[in-house]
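Engineer: Structure in C-alpha cells, see below.
The values are calculated or read from the model by the stated rules, or taken from the named source; none is laboratory data. Keep in mind it's a predicted model, so treat the numbers as computed, not measured. Cβ coordinates were reconstructed from backbone atoms using ideal geometry, including for glycine residues, and neighbour counts include every protein chain displayed.
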Amino acid sequence: MNRRDFAKRIPFLAAMPLALGASKSKTPSTKRHLIALGSVASNLVVENRNLLRFDSFTLVSDHSPDLQVKTEFISYVPPDQAYFFLNMRKFLKKEPYPLIDLPEELSEVIRSKEGEVLIIAALGKYTGTVLSNSIAKAFAGSSHLSFVVTIPFSFEGSFVRNEALNAAIKITSLHPIHFFDFEDIREKHGNISVRSAFEKGDEELIRLL
Ligand SMILES: Nc1nc2c(ncn2[C@@H]2O[C@H](COP(=O)(O)OP(=O)(O)O)[C@@H](O)[C@H]2O)c(=O)[nH]1
Ligand SMILES: [Mg+2]
C-alpha cells in the first residue's frame, strides 16, 4: 500500500499528520515517560538521551544497550515461530503479525507510570509492531498513553510496510498517534542512499519526541 492509499484509509491523518499533539505535555509539571519498542527505537533513545526530556526511559528489545541513569531495560525476544531459518540465518515469515499477551513486566511499567507515557517504535519488523499494537489494544481507554511511530520505506518490502500501516491504523483508532512515513523522505530528497535515508529517519523520529 502506498502513502496515497494509506491517506485514503485515514483521510484526517493524511491531512494533518502532526496535529494530534501526542507528545506535548498537558502542563509543565506533568511527568513524561518514554518507552521505546524494538531495536531501532531503543538505540535511537540511547544515542540521543541528552536531547530528550523525560522523567524515565524504558527500552524493550532483544539486546540491552549500554544503560544510563533513569533507564530500565526489558528483554523481549520474538518467538522462533515468527521466523524461518535458512543457512543459519533467520528471516521474518511473511505471516500477519499476531496480537500477543504483553509480558507482565511491560504491562506493569505502563500501568505504574504517573503522568504521560509516550511509546516510540519504528514499525515494520516484529518487536516494534507487535508490541505497539498489543499495547494499544491492552490499554484501550487509557488516556495517559500516546504513540510516535514511523512507517517503513517501500524498499523494505510490501510485507513490512503493510504490517506497519495496518498497525498504525489500529493504534490510531485507540490512542493519539504521531506518525512519520519514511516514504516522505524519498519524496522530498529523491534517490538518496539507504544509509542517509535512515539517518534522515532518525532525525524525524527525534524531532517528534
Ligand atoms: N530511523 C531509523 N529507522 C530504521 C533504521 N534501520 C531500520 N529502521 C526502521 O526500523 C524498522 C524496525 O526495525 P527494528 O527496530 O530493527 O525492528 P524490531 O526490533 O523487530 O522492532 C525497520 O523496518 C525500518 O523501517 C535506522 O537506522 N534508523
Ligand atoms: Mg529487533
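Engineer: Across segment 34-70, which residue is modelled with the highest pLDDT among those that are acidic (D, E) and more than 10 Å from ligand 2 (Cβ to nearest atom)?
Structural biologist: Looking at residues that are acidic (D, E) and more than 10 Å from ligand 2 (Cβ to nearest atom), I get D55.
Engineer: Scan V77, V109 and give me the residue that is β-branched (V, I, T) and either touching a Gly at 6+ places or on another chain (Cβ under 6 Å) or within 16 Å of ligand 2 (Cβ to nearest atom) (or both).
Structural biologist: Just one listed residue meets the conditions, V77.
Engineer: Could you list all residues from segment 106-137 that are more than 17 Å from T172 (Cα to Cα) and either without any contact (Cβ under 8 Å) to a residue 24 or more places away in the chain or polar (S, T, N, Q) (or both)?
Structural biologist: Listed by number, the residues that qualify are S107, E108, R111, S112, T127.
Engineer: Might you let me know whether segment 169-178 holds any residue that is polar (S, T, N, Q) and in contact with a helix residue (DSSP H, G or I) (Cβ under 6 Å, 6 or more places away or on another chain)?
Structural biologist: No: zero hits.
Engineer: Now for a different question. All but one of (1) within 13 Å of ligand 1 (Cβ to nearest atom); (2) assigned to a helix (DSSP H, G or I) hold for I171; state the number of the condition that does not hold.
Structural biologist: Condition not satisfied by I171: (1).
Engineer: Condition first: buried (at least 16 other Cβ atoms within 10 Å of the Cβ), of a type in the set (A, V, I, L, M) and either within 18 Å of L106 (Cα to Cα) or away from ligand 2 (no atom under 16 Å from the Cβ) (or both). Now tell me which residues in segment 139-157 satisfy that.
Structural biologist: Once the filter is applied, which keeps residues that are buried (at least 16 other Cβ atoms within 10 Å of the Cβ), of a type in the set (A, V, I, L, M) and either within 18 Å of L106 (Cα to Cα) or away from ligand 2 (no atom under 16 Å from the Cβ) (or both), segment 139-157 yields L145, V148, I151.
Engineer: What number goes with the only condition from (1) of a type outside the set (D, E, K, R); (2) away from ligand 2 (no atom under 16 Å from the Cβ); (3) touching a Lys or Arg at 6+ places or on another chain (Cβ under 6 Å); (4) closer than 20 Å to K125 by Cβ that F85 does not pass?
Structural biologist: Condition (3) is where F85 drops out.
Engineer: Within segment 86-101, does at least one residue satisfy the condition of being farther than 29 Å from F57 by Cα, outside any loop (DSSP other than H, G, I, E, B) and not basic (K, R)?
Structural biologist: Among the residues of segment 86-101, at least one is farther than 29 Å from F57 by Cα, outside any loop (DSSP other than H, G, I, E, B) and not basic (K, R), which makes the answer yes.
Engineer: Turning to a different aspect of this structure: Given the condition hydrophobic (A, V, I, L, M, F, W, C) and over 20 Å from V46 (Cα atoms), answer yes or no: does some residue in segment 106-129 qualify?
Structural biologist: No: zero hits.
Engineer: Something else now. Which pairs do you get when a residue that is crowded, with 21+ Cβ neighbours inside 10 Å, found in segment 171-189, comes within reach of a residue that is at pLDDT 95 or above and assigned to a helix (DSSP H, G or I), reach meaning Cβ atoms under 6 angstrom, with the pair 6+ apart or on two chains?
Structural biologist: Sorted first by the residue in segment 171-189, then by its partner, the pairs are I171/A136; H175/A136; I177/I171; F179/A168.
Engineer: Name the residue, out of P79, P98, P103, that is closer than 27 Å to V160 by Cα, in contact (Cβ under 8 Å) with a residue 24 or more places away in the chain, surrounded by fewer than 14 Cβ atoms within 10 Å (Cβ to Cβ) and away from ligand 1 (no atom under 11 Å from the Cβ).
Structural biologist: P98
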